[in-house]
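First comes the structure, then the notes that go with it.
The values are calculated or read from the model by the stated rules, or taken from the named source; none is laboratory data. Here the structure is a predicted model, which is why all the values come from computation and not from measurement. Glycine gets a Cβ as well: all are built from the backbone with ideal geometry, and neighbour counts include every protein chain shown.
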Amino acid sequence: MIKTTIRYFFSAGLFVLIAFAISLMLGARYPQDRTAEEIESKYLLRSSSFITIDGVKIHFTDEGNGPVLILLHANYANLIDWNPWIEELGASHRIIRFDIPGHGLSYSDPSGDYSIQRTLFLFKGLMNHLNIDNFSIAGASLGGTIGIHYASNYPNEINKLILVSPGALNERVRGSNEPAHLPKIFNLLTQITPRALIEGLLTGGFGDPSRISEELVTRWHELLLKEGQRDAQMARMKQYISGDIDKIIQSIESPVLIMWGKKNKVVSVDLAIVMKDLLINSPSVKTIIYENAGHQLAQEIGSETAKDALIYLTANN
C-alpha cells in the first residue's frame with residue numbers, strides 16, 4: 001500500500017505542487033483539518049458508540065444477536081466499509097466493528113503509539129468492556145494482520161478467522177523487526193492530502209476501478225481530514241513491524257477462511273497459497289479467489305464476500 005500511496009501522490013503532479021505552495025504560504029495543511037464535531041455530524045451511525053480505553057476514544061458499533069463476529073477494517077478505511085456485511089450477516093450474528101485508532105471516527109492515540117502491540121491492547125480492552133471472550137474475526141488487509149496477531153495471542157477466544165487480503169506477508173514488511181524506511185517526502189502526506197490521492201489509492205486497490213463510487217472516495221477523504229488522523233496514519237506506517245510473522249501464522253489454531261482478489265496489486269494473489277501453507281496448526285483452511293476483484297474486497301465486492309462469509313461461519317467446519 002505504501003508504494004501505491006507514493007505512486008498516486010506523485011501522479012497528482014502539478015496540483016500537488018500548487019497545493020504545497022499554498023500550504024506553505026498559509027502556514028496550514030491542505031485541505032485544512034476538519035473538527036471531530038464536523039465529521040461526526042456527517043458520519044455517525046445510529047448504532048455508533050464511543051468508549052475511552054487507556055486515554056483513546058474509540059468509535060464502535062454493536063449490532064444484532066447470535067454468535068459474535070468482530071470486523072476489522074483495512075488501513076485508510078473505516079467501519080462503515082463493512083455495511084454490506086452488516087446487511088448480510090446482521091440477522092444471524094452479533095456484529096461488532098470499530099475504527100482502529102487514527103481511522104474513521106476513533107480519535108488519535110495521545111500516547112503516539114500505533115504499534116501492533118498497542119492496537120491489540122486496545123482491541124482486548126474493547127472485548128473486556130463488552131464482556132466478550134468467544135468470537136470469530138474477519139479482518140481486511142491491516143485488519144487481517146491484527147486478526148492474525150490476536151488469534152495467536154488469545155487462541156481460546158477465537159472460533160473462526162476470516163482473512164480478507166491480509167497484508168501480513170507483504171515483502172516490504174515480512175519478518176522485519178525494524179520499521180520500514182519511508183522517504184522523507186512521504187511526510188508531505190500529512191500536509192497535503194488532495195482528494196485525488198484517495199481516489200488513486202482506491203484505484204490501485206480495486207480490480208475494476210469503475211466500481212469506485214464518489215461516496216466512497218469522499219468518505220475516505222473526509223475522514224482522513226479529521227483532526228489528528230493524518231499524523232496518526234503516518235505514525236502507524238512508520239511504527240509498523242511484522243516481527244516473526246511466519247511463526248505467528250503457524251501458531252493459529254482456529255479454522256481459517258482466506259479471501260483474495262486475483263487482481264490484487266497491493267499483495268499478490270500468490271501469497272494466498274503461501275498463507276495457506278503456513279497455517280499448519282489450523283484444523284481447516286479454505287481459500288476463495290475472486291477472479292475480477294483487487295485488494296479492497298470489502299469495498300469492491302462487499303455483498304459477495306459477505307455471502308461467502310455467512311456460508312462459512314454457519315457451516316460445521
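Can you name the residue in the range 79-95 that is crowded, with 21+ Cβ neighbours inside 10 Å and closer than 21 Å to Lys124 by Cβ and, of all such residues, is nearest to the chain's Cα centre (by Cα)?
Looking at the filtered set, the residue picked out is Leu79.
Residues being farther than 25 Å from Lys238 by Cα and part of a strand (DSSP E or B): count how many of those fall in the range 61-79.
Adding up the residues that qualify gives 6.
From the list Ile248, Ile252, which residue is of a type in the set (Val, Ile, Thr), in contact (Cβ under 8 Å) with a residue 40 or more places away in the chain, over 12 Å from Tyr114 (Cβ atoms) and in a loop (DSSP other than H, G, I, E, B)?
Ile252
Go through the range 100-134 residue by residue and tally those that are assigned to a loop (DSSP other than H, G, I, E, B), within 16 Å of the chain's Cα centre (by Cα), farther than 19 Å from Ala180 by Cβ and aliphatic (A, V, I, L, M).
Number satisfying all stated conditions: 1.
Scan the range 229-245 for residues that are surrounded by 20 or more Cβ atoms within 10 Å (Cβ to Cβ) and charged (D, E, K, R) and jot them down.
Arg230, Arg236
Which residue out of Ala309, Ala298, Ala315, Ala272 is of a type in the set (A, V, I, L, M), modelled with pLDDT under 95 and closer than 25 Å to Ser136 by Cα?
Ala315
Condition test on Met259, is it modelled with pLDDT under 95 and under 16 Å from the mean Cα position of the chain (by Cα)?
Taking the combined requirement at face value, the residue does not satisfy it.
Among the residues of the range 63-86, how many are among the acidic types (Asp, Glu) and either touching a Ser or Thr at 6+ places or on another chain (Cβ under 7 Å) or free of Cβ contacts under 8 Å to residues at least 12 places away in the same chain (or both)?
Residues in the range 63-86 being among the acidic types (Asp, Glu) and either touching a Ser or Thr at 6+ places or on another chain (Cβ under 7 Å) or free of Cβ contacts under 8 Å to residues at least 12 places away in the same chain (or both): 1 in total.
Given the options Ser115, Ser92, name the one that is in contact with a Phe, Trp or Tyr (Cβ under 8 Å, 6 or more places away or on another chain), farther than 15 Å from Gln299 by Cα and of a type in the set (S, T, N, Q).
That would be Ser115, the only listed residue that is in contact with a Phe, Trp or Tyr (Cβ under 8 Å, 6 or more places away or on another chain), farther than 15 Å from Gln299 by Cα and of a type in the set (S, T, N, Q).
Residue-wise test of (1) of a type in the set (Lys, Arg); (2) touching a residue at least 12 places away in the same chain (Cβ under 8 Å).
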| residue | (1), (2) |
| --- | --- |
| Leu130 | no, yes |
| Ser136 | no, yes |
| Ile146 | no, yes |
| Ala151 | no, yes |
| Ile158 | no, yes |
| Pro166 | no, yes |
| Asn170 | no, yes |
| Glu215 | no, no |
| Arg219 | yes, yes |
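Of Glu199, Glu178, Glu171, which residue is surrounded by fewer than 22 Cβ atoms within 10 Å (Cβ to Cβ) and assigned to a helix (DSSP H, G or I)?
Glu199
Quick one: is Leu297 buried (at least 16 other Cβ atoms within 10 Å of the Cβ) and more than 16 Å from the chain's Cα centre (by Cα)?
When the stated conditions are applied, Leu297 does not pass them.
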